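Here the structure is laid out as structure tokens; the discussion comes afterwards.
Values quoted throughout were computed directly from the atomic coordinates according to the rules given, and no laboratory measurement underlies them. From a predicted model like this one, the values you see are computed outputs, not experimental measurements. So basically every Cβ, Gly included, is an ideal-geometry build from the backbone, and we count neighbours across all protein chains shown.
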Amino acid sequence: MNWRYMLSFLRILKIPGLFPILKDWQALVRMHFIYAAFESGLLQALTTPCERQMLIRKLQVQRPDLLDALLDVGVATRELGVKNQRFFIKGKRSKAIITGNGDMLAAMIQANITYYGDAYRHMPDRLRGGELGDDLERMGALVARFSKIAEPILKDFVSGIVSGKNPMRILDVGCGSGIFLHSAHSSNRNATGVGLDSDDAVVLQAKENLAQWDLDDAFRILQGDIRHPPEEIAGPFDLITLFNILYYFNEEDRADLIQGLRAMLAPQGVLAVAMNCRSRGMDVGAANLNVVNCSLKGLTRLPDLDDITGLLNQCGFRQIETHHFMPGSTFYGIIAENASG
């Protein structure tokens with residue numbers, strides 16, 4: 001290599017900020033590759049090593065040059081390897097996505113490349129009054145898929161509430177995939193109840209999951225809005241859960257929501273809230289989520305923890321207990337017991 005070019009290259013690297021930005025850019029390219037490889041079916045096709053022509057047939061490729069470009073990015077980012085003209089999955093991230101928990105991981109990447117990315121891309125216009133996004137209905141199933149990542153934490157949270165209690169009738173508001181109903185039943189075989197979600201696709205997914213888990217006799221999944229609940233939802237409930245859902249309601253509507261839920265609780269019943277609270281510079285995940293919340297129609301900014309506990313107190317709950325789930329995060333659980341007899 002010509003030493004003149006090497007010296008020029010070294011001078012480029014001395015540009016302040018360039019090296020860390022290059023590292024971040026490489027990570028971003030990797031995420032874009034994994035997104036495209038998952039969406040196109042490339043990762044699934046490479047569960048067994050394949051030659052290029054086989055990939056063209058498997059994926060029904062009409063633009064081979066574009067496939068070549070995508071494969072090249074995969075090899076360059078070390079997510080793919082190639083040996084004897086056969087491509088195979090090499091990177092830890094891509095390997096993880098085709099394993100048992102892979103759909104949850106894929107959903108995280110899909111959300112960040114699409115909805116989260118759009119929130120930042122449209123930020124300049126929206127800051128100046130441009131129309132907010134209307135993607136909320138389309139992202140319901142995606143949110144339900146990646147919300148499974150919180151299951152280990154929320155399973156422990158739910159277990160501490162339901163264990164050893166009989167009866168245990170549950171209403172899961174915004175039930176998503178139904179995973180938290182599954183967690184409740186795993187901790188208490190007496191658990192029965194209802195899951196409610198406003199998204200048709202999510203309701204279908206939850207019903208399929210419950211059938212797969214042999215829990216469709218224990219729980220019903222209904223489509224609807226808790227502000228105007230279906231007739232099939234009738235109290236009393238021993239536990240009502242609001243997991244990652246409160247920010248779907250305008251601040252001025254939340255008191256009526258909480259009071260309505262309290263009226264559906266049995267004496268000594270529990271309202272359990274779990275969600276990311278406002279970051280205030282502490283939690284990059286919550287801060288990132290709040291950007292999306294403030295960018296889409298139908299969502300509101302993340303509340304502070306004190307806002308939630310104050311609301312519960314205002315609505316008549318006197319025994320309120322907070323659980324800080326993770327150090328360095330603003331992800332909290334709140335348990336409010338209905339003390340009325």
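Is the range 200-341 rounded, prolate or oblate when judged by the Cα gyration tensor, a ≥ b ≥ c being the square roots of its eigenvalues, rounded requiring a/c under 1.5 and prolate requiring a/b larger than b/c?
oblate
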In order over the range 74-84: 3J(HN,Hα) from phi, Karplus 6.51/-1.76/1.60, θ = phi - 60°, whole Hz, x for each Gly or Pro, gives x, 5, 5, 8, 6, 7, 10, x, 9, 8, 6
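Quote the Stokes-Einstein diffusion coefficient, in whole µm² s⁻¹, for the chain, based on the Kirkwood radius over alpha carbon pairs, a temperature of 37 °C and a viscosity of 0.692 mPa s. Don't skip to the end; give the middle numbers.
Values: Rh = 22.7 Å.
Answer, rounded: 145 µm²/s.
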Restricting the range 1-101 to trypsin sites (Lys or Arg not before Pro) in coil, as DSSP defines it, with at most 16 other Cβ within 10 Å
K14, R78
Theoretical FRET efficiency, 1/(1+(r/R0)^6), r = Cβ-Cβ of R128 and E39, R0 25 Å, to 0.05
0.20
Going by Cα centres, the range 179-206 and the range 211-244 are how many Å apart?
7
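Can you give the Kirkwood hydrodynamic radius for the range 162-266, in Å, rounded to one decimal and based on Cα pairs? Could the numbers behind the result be given before it?
Details: mean 1/r = 0.0724 Å⁻¹.
Averaging 1/r across every pair of different Cα atoms and inverting gives 13.8 Å.
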For the chain, take the longest principal axis of its alpha carbons; what is the angle in degrees between that and the long axis of helix 151-162, to the nearest 10 within 0 to 90?
10
Kindly identify the range 1-126 as rounded, prolate or oblate by the Cα gyration tensor criterion: order the square roots of the eigenvalues as a ≥ b ≥ c, call it rounded if a/c is under 1.5, otherwise compare a/b with b/c, prolate if a/b is larger, else oblate.
oblate
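Want the number for D200 to R52: 0.36 nm per residue separation, take away the alpha-carbon distance, what's left?
Details: separation 148, 0.36 × 148 = 53.28 nm, distance 3.93 nm.
Working it through step by step, the gained length comes to 49.4 nm.
Please identify every one of the trypsin sites (Lys or Arg not before Pro) in the range 226-291 that sits in a loop by DSSP and has no more than 16 other beta carbons within 10 Å of its own beta carbon. Before the final figure, lay out the partial values.
Details: sites: R227, R254, R262, R278, R280; in loops: R227, R278, R280.
Those that pass, being in a loop and sparsely packed, are R227, R280.
Among the listed pairs K95/K148; K148/K207; K95/K155; K58/K83; K155/K297, which are separated by more than 21 Å between their Cα atoms?
Numbers: K95/K148 19 Å; K148/K207 16 Å; K95/K155 26 Å; K58/K83 19 Å; K155/K297 30 Å.
Exceeds cut-off: K95/K155; K155/K297.
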